[in-house]
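Below is one structure, written out as structure tokens; comments come after it.
Please treat every number below as a calculation from the coordinates, not as lab data. Remember, it's a predicted structure, so these values are computed and weren't measured experimentally. Note that each Cβ is placed from the backbone with ideal geometry, even for glycine, and that neighbours are counted across all protein chains shown.
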Amino acid sequence: MEMNLICSENMTRVLEEILNTRKIEINKDAKVCVIEKGFPLEKGKIGIYFDMTTINVLMDYLNEISTSKEEFKNIITGRCEKDELKVLTYDEIYYFEAMGNDVFGRTRDKKYKVKEKLYELEEKLESKGFIRVSKCFVVNIEKVDRIISWFNSKLILKIMNIDEEVYVTRKYLNDFKKFLGV
């Protein structure tokens with residue numbers, strides 16, 4: 001399948017990445033156009049309009065029409081402080097953290113707000129090497145550098161490449177040990 005992009009330069013970069021991961025080819029001559037609101041549509045073409053408030057609906061639609069759903073299952077979209085969207089692979093994510101009503105995915109350099117709830121990520125990513133370790137954290141086990149025993153049956157996870165620690169609380173300790181096979 002192929003589509004044309006008619007949008008701002010910032011959105012073009014994001015959408016190119018999104019379409020590429022879904023094996024949707026970008027072609028200026030395509031009949032179907034993904035158009036940011038405010039941009040004109042050429043006569044004789046079909047337009048799929050979006051803006052920042054409907055970008056998630058657009059992504060859901062692209063997921064549905066994509067012919068190779070297996071190819072994009074290892075990505076998630078995050079929003080950084082500048083309100084820019086970034087397509088993140090699960091390999092880039094060190095952990096997910098719930099803060100109030102928001103959930104953030106932590107990469108080596110930044111935190112990105114994601115739309116999913118922590119319990120949804122826990123269920124969705126268990127087979128991808130992520131494990132719930134506390135009320136607020138789901139951790140990518142491949143990004144754990146060291147595991148340190150702590151008092152009151154807690155563990156501390158030292159996260160590689162960033163100077164941060166995440167605690168495994170008593171409530172999640174048995175599941176964590178089973179996950180590791182210890």
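Observations
- The angle between the Cα long axis of helix 170-180 and the longest principal axis of the Cα atoms of the chain comes to about 70 degrees, rounded to the nearest 10.
- Per-residue HN-Hα couplings for region 99-114 [Karplus 6.51, -1.76, 1.60; θ = phi - 60°; Hz; x = Gly/Pro]: 9, x, 8, 9, 10, 10, x, 9, 9, 4, 10, 8, 10, 10, 6, 10
- At 0.692 mPa s and 37 °C, Stokes D of region 2-72 from Kirkwood alpha-carbon radius, µm² per second: 268
- Compactness ratio for region 124-176: Cα radius of gyration over 2.2 N^0.38 Å (N = residue count) comes to 1.06.
- A cut-off of 5 Å between modelled amide H atoms, ignoring neighbours fewer than 5 places along the same chain, links THR107 with TYR94, TYR112.
- Nearest 10 degrees, 0 to 90: helix 55-65 Cα axis against the chain principal axis: 80
- Taking the longest Cα principal axis of the chain as reference, the axis of helix 9-21 is set at about 70 degrees.
- Counting charges near ARG146 (Lys, Arg +1; Asp, Glu -1) among other residues having Cβ under 13 Å from its Cβ returns a value of -2.
- Relative to its Kirkwood radius, the Cα radius of gyration of the chain gives an Rg/Rh of 1.07.
- With Rh defined as the Kirkwood radius, the inverse of the mean 1/r over Cα pairs, the Rg/Rh of region 79-180 is 0.95.
- Label-to-label distance, nm, for residues given as THR54 and ASN27 (7 Å Cα→Cβ offset): 2.5
- Residue (of ALA30, ASN10, TYR61) at the positive-pole extreme of region 2-72, dipole from beta-carbon charges: ALA30
- Dipole magnitude of the chain about its Cα centre (Cβ charges: Lys, Arg +1; Asp, Glu -1), debye to nearest 20: 600
- Separation of alpha-carbon centers, region 126-164 and region 25-45, rounded to whole Å: 45
- Set of lysines near LYS154 by C-alpha distance (under 28 Å), chain-local residues within fewer than 8 positions excluded: LYS110, LYS111, LYS113, LYS117, LYS124, LYS128, LYS135, LYS143, LYS171, LYS177, LYS178
- Contact order relative to length of the chain, as percent, for alpha carbon pairs under 8 angstrom and 6 or more apart: 12
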